[in-house]
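The values are calculated or read from the model by the stated rules, or taken from the named source; none is laboratory data. The structure displayed is predicted, hence computed values, not measured ones. Neighbour counts run over all protein chains shown; Cβ positions are idealised from the backbone, glycine included.
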């Protein structure tokens, strides 16, 4: 089955490409109160602190401390559902996201020059051909 609105290279089931319902994958209240609200975009910061991201670490692959907490809570919710316990902040075994956010170094002490460093590295990368420089060193 193909969908004309999907790119031809798209793989996986059609539900993967459907937008999430409003209630799907909602962050816990303690994380929704953070400004800006953490998301899965690449981590960005400026002199004022975190400006984007927060759930995925600086490598763009692994979760941050709160990202791991969100995953752990989702697993606990499934386990508690099997035990017929209502999932969420009131359920036994719920994660204290306010405390977890305070322990997350990227939230508590965000790097303040990450955007500037990224722009500088990009500027240098456009002007220096590293392959040519390395070729000259080989002799």
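General remarks:
- The requirement of being at pLDDT 75 or above, surrounded by 12 or more Cβ atoms within 10 Å (Cβ to Cβ) and part of a helix (DSSP H, G or I) is satisfied by residue 101.
- Residues located in the range 26-43, provided they are surrounded by 12 or more Cβ atoms within 10 Å (Cβ to Cβ), more than 11 Å from the chain's Cα centre (by Cα) and farther than 16 Å from residue 73 by Cα: 33, 34, 36
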